[in-house]
Amino acid sequence: MKLEIARGLFLVGALGVTALAAAAWQEPEPVVLDAHHSSLNYCPPPAVARNKALTPQVRPDSDLLLVMFGLSQNLNASN
């Protein structure tokens with residue numbers, strides 16, 4: 001078999017495999033998940049999570065600021 005024929009057969013085979021892979025490749029489209037239209041409706045959030053008024057407000061403590069200041073001073077002193 002001549003080299004040109006072997007190259008042609010290889011090229012046709014490679015293009016066939018590429019075409020088959022492209023036809024079989026199914027990538028899902030981006031969608032927004034919604035609890036009403038998906039299978040997630042069996043697990044609703046708890047009542048505490050649904051009520052925003054009952055969630056506590058998180059505020060930084062002054063002791064936390066002192067600890068962060070102390071840690072930053074220790075880092076500068078070790079250099």
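The values are calculated or read from the model by the stated rules, or taken from the named source; none is laboratory data. The model shown is predicted, which means the values in this text are computed figures rather than measured ones. Heads up, the Cβs are rebuilt from the backbone with ideal geometry, glycines too, and the neighbour counts pull from every protein chain shown. Note: accessible area is taken over every heavy atom of the protein model, side chains too, but ligands, DNA and RNA are not part of it. Shrake-Rupley method; radii C 1.70, N 1.55, O 1.52, S 1.80 Å.
Quick one: would you say N79 is at pLDDT below 70 and open to solvent by less than 100 Å² (accessible area, probe 1.4 Å)?
Judged against the criteria, N79 is not a match.
Have a look at A49, A6 and point out the one that is in a helix (DSSP H, G or I), at pLDDT below 70 and surrounded by 10 or more Cβ atoms within 10 Å (Cβ to Cβ).
From the options A49, A6, the qualifying one is A49.
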